[in-house]
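Asks: My questions will all concern the structure given below.
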Amino acid sequence: MRHCRLSLVVLVAALAVASPPAAGSSSAQSASTVSAIDRVMEAYRLDAHIPGMAWGVVKDGKLVHVKGVGVQDTDAKRPVTADSLFRIASMTKAFTALTILKLRDDGKLELDAPAETYVPELKALKYPTDDSPRIRVRELLTHTAGFVTDDPWGDRQTPLPESEFTAFLAAGVPFTRPPATAMEYSNLGYALLGRIIANVSGVAYDEAVQRTVLRPLGMTSTSHHVTSAPAERRALGYRWEDDQWKLEPTMAHGAFGAMGGIQTSATDYAKWVAFLLSAWPPRDGADSGPVKRSSVRELAQGANYPVVRQRPGASGPDSCRMAGTYGMGFNVATDCELGLTMSHGGGYPGYGSHLLLLPDYGVGIFALANRTYAGPTPPVWDAAVAMLRAGELTPRTPPVSTALATAYAAAGRIYSTGAVTGVSEVLAMNFLMDHDAAHWAGELTSLKAQVGACDTNAPIRPTGAASGSFTWTCATGRVRGSVLLAPTSTPQIQALSFSRVTP
């Protein structure tokens, strides 16, 4: 399953599952941004020879824009809608990963246990070196088991019967490197996770995913069994070859379905994306599931084999580079503007797909298409950048903790009085050892001579429960500062900064 590929039903999903409005509606985005997304997606569809696609935007729990273009099949000419069914290829892997984490939460498996604990056929594996560690479940999740990249071979294994998969494993699987030494994408690894899910749960893999995620989220149109869906809703898969569309054969669900076999619609998939994003930010309150918020956030934990890459899309050459790694069912990277990004594409005979989550903004973008390996990575990321440039991405910041508020109030008093001596009760033991009271007094006098009195009631921007930054408007300038608390049981400032804002 070609994870770098994208697809063509773009949706931007926020923190809560919501019922979508009618196709074409737009209530929470500017018309200019909607038009920009429509243009870039339609241009990609035409250039990539894609029979049909759809795209949309879900924001703050609402599907605020969705549009279908082209056809589900080239003979009947049925138009694509938000309810058209596409195979999502490797975007299936996140469903597999989260089902594994739910079994872990239920005490039925351990991520750090050898995979052979749950798949006995793996006990006979011949490892590449004498000092190779046994493959753990965790290595399968993060593509660090040491198996060779298996695109496009893995795609065609989807319908492999379980009995033949057992025989395949018993015959031995070669390694390309020792486990836990590098990340190398492996569909086989996720097929093994599917076998683990079946062996541990006691039901077939696809049924386990239905019970764990799909039914609880109301994803009634989503399934691994493609032909069980109404024919009039299915987007058939095509390849572009010899300047024409050729129908790809429909592959049934089998042993490799865990790596990329799901079929879903835009409206159904939006529920999944919204559920994932509902795990951010961490918070108090009810955790209604179907999987714990903390476990969902675990999907973003990488295997510590980072690579530096360019942001996809038109803004890529001019943007900062991202340090990325593979988490569990997601490529995870930090973008200097978009913040934490979780993305995954899927390439498949007849289909392409891509998902981009922006947890810092509570937004996700995904796309589905019905052409072989037709992954619109650039347009998906361009849609996110378009929203950012239009000011339609609002960062979600943690609330100001009581401890930080106490320390920030003390910072205001320090500036107003020009001395640190009046708030000694909130200063950590290192504070005056690092910079004594006399030096603080001199520097504050100098700063106040430059900018004058400041409005110290401006809100602080928390970067955590124990740190934050602020900007004050003053009589003749502005002051920028930061507060850092010590890890003490009562609020104590270990570091504080004030500086004049200069051009």
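Each reported figure results from applying straightforward, stated rules to the coordinates on display, with no laboratory input. Keep in mind the model is a prediction, meaning the values are calculated, not measured. Don't worry about glycine lacking a Cβ; one is built from the backbone with ideal geometry, like all the others, and counts go over all protein chains shown.
Asks: With a 10 Å Cβ neighbour count serving as the proxy for reagent exposure, in which order, fewest first, do TYR305, TYR44 appear?
Replies: Ordered from fewest to most neighbouring Cβ atoms within 10 Å, TYR305, TYR44 come out as TYR305, TYR44.
Asks: Continuing with the same structure: If you place +1 on the Cβ of every Lys and Arg and -1 on the Cβ of every Asp and Glu, how big does the dipole about the Cα centre of the chain come out, in debye to the nearest 20?
Replies: 620 debye
Asks: From the residues ALA438, SER288, TYR348, which one has its Cα farthest along the dipole of the chain in the positive direction, the dipole being from +1 and -1 charges on Cβ of Lys/Arg and Asp/Glu about the Cα centre?
Replies: Checking the options against the dipole of the chain, the answer is ALA438.
Asks: While we're looking at this one, here's another question. Counting other C-beta atoms within 10 Å, and keeping those with at most 13, which DSSP coil trypsin sites (Lys or Arg not before Pro) do you find in the range 121-192?
Replies: When the trypsin sites (Lys or Arg not before Pro) of the range 121-192 are filtered for loop state and at most 13 Cβ neighbours within 10 Å, LYS126 remain.
Asks: Right, here's the next one. With the Cα gyration tensor of the range 402-500 giving a ≥ b ≥ c as the square roots of its eigenvalues, does the rule (a/c under 1.5 for rounded; else a/b larger than b/c for prolate; else oblate) give rounded, prolate or oblate?
Replies: Taking the square roots of the gyration eigenvalues as a ≥ b ≥ c, the range 402-500 is oblate.
Asks: Add -39500 (n - 2.57) for each DSSP H run of 4 or more in the chain, then divide by its residues: what number comes out at 222 nm, to the nearest 500 deg cm²/dmol?
Replies: It lands at -8000 deg cm²/dmol.
Asks: In addition: What is the gain in length, in nm to one decimal, between THR394 and ALA229 on full extension, counting 0.36 nm per residue of separation less the C-alpha to C-alpha distance?
Replies: Here the segment from THR394 to ALA229 would lengthen by 55.6 nm.
Asks: Quick check on the chain: what does the Kirkwood estimate of hydrodynamic radius come out to from the alpha carbon pairs, in Å?
Replies: Mean inverse Cα-Cα distance, inverted, gives 24.7 Å.
Asks: LYS77: which lysines have alpha carbons under 26 Å from its alpha carbon, excluding same-chain residues fewer than 8 sequence positions away?
Replies: Partners within reach: LYS67, LYS246.
Asks: Using θ = phi - 60° and the Karplus form 6.51 cos²θ - 1.76 cosθ + 1.60, what ³J(HN,Hα) does each residue of the range 434-441 get, whole Hz, x for Gly and Pro?
Replies: Taking θ as phi minus 60°, the curve returns 7, 7, 6, 4, 5, 5, 4, 4 Hz for the range 434-441.
Asks: Let me ask you something else. Assign one of three labels to the range 190-324, namely rounded, prolate or oblate, based on the Cα gyration tensor with a ≥ b ≥ c the square roots of its eigenvalues; rounded applies when a/c is under 1.5, prolate when it is not and a/b is larger than b/c, and oblate otherwise.
Replies: Here the range 190-324 falls in the oblate category.
Asks: Any idea how far the Cα center of the range 188-267 sits from the one of the range 318-349, in Å?
Replies: First find each Cα centre; the distance between them is then 24 Å.
Asks: Moving to a separate point now. Once fully extended, how much extra length lies between ALA441 and ASP105, figured as 0.36 nm per residue of separation less the alpha-carbon to alpha-carbon distance?
Replies: Here the answer is 115.6 nm.
Asks: Mind giving me the FRET efficiency for LYS77 and VAL148? R0 is 51 Å, r the Cβ-Cβ distance, nearest 0.05 is fine.
Replies: 0.75
Asks: For a footprinting-style exposure proxy, rank MET322, MET91 by other Cβ within 10 Å, fewest first.
Replies: Ordered from fewest to most neighbouring Cβ atoms within 10 Å, MET322, MET91 come out as MET322, MET91.
Asks: Continuing with the same structure: Put a dot 7 Å past each Cα toward the Cβ at ARG39 and THR406; how far apart are the dots in nm?
Replies: Result for the modelled spin labels: 5.4 nm.
Asks: Take the Cα pairs of the range 307-387, get the Kirkwood Rh, then feed it into Stokes-Einstein at 37 °C and 0.692 mPa s and tell me D in µm²/s.
Replies: It diffuses with D of about 257 µm²/s by this estimate.
Asks: Counting only residues 5 or more places away or on other chains, whose amide H sits under 5 Å from the amide H of THR463 once H atoms are built in the peptide plane?
Replies: Amide H to amide H, under 5 Å and 5 or more residues apart or across chains, THR463 pairs with GLY468, SER469.
Asks: Given H placed 1.01 Å from N in the peptide plane, which residues other than close sequence neighbours of ARG478 have an amide H under 5 Å from its amide H?
Replies: VAL501
Asks: Arrange the following residues from fewest to most other Cβ atoms within 10 Å of their Cβ: TRP381, TRP245.
Replies: Least crowded to most crowded, the residues run TRP245, TRP381.
Asks: A further question on this structure: What shape does the range 28-84 take by its C-alpha gyration tensor, where a ≥ b ≥ c are the square roots of the eigenvalues and a/c under 1.5 counts as rounded, a/b above b/c as prolate, and the rest as oblate?
Replies: oblate
Asks: Right, next: Rounded to whole Hz and in sequence order, give me ³J(HN,Hα) for the range 49-62 from the Karplus expression 6.51 cos²θ - 1.76 cosθ + 1.60, θ = phi - 60°, writing x for Gly and Pro.
Replies: 6, 9, x, x, 7, 9, 8, x, 9, 10, 9, 6, x, 10
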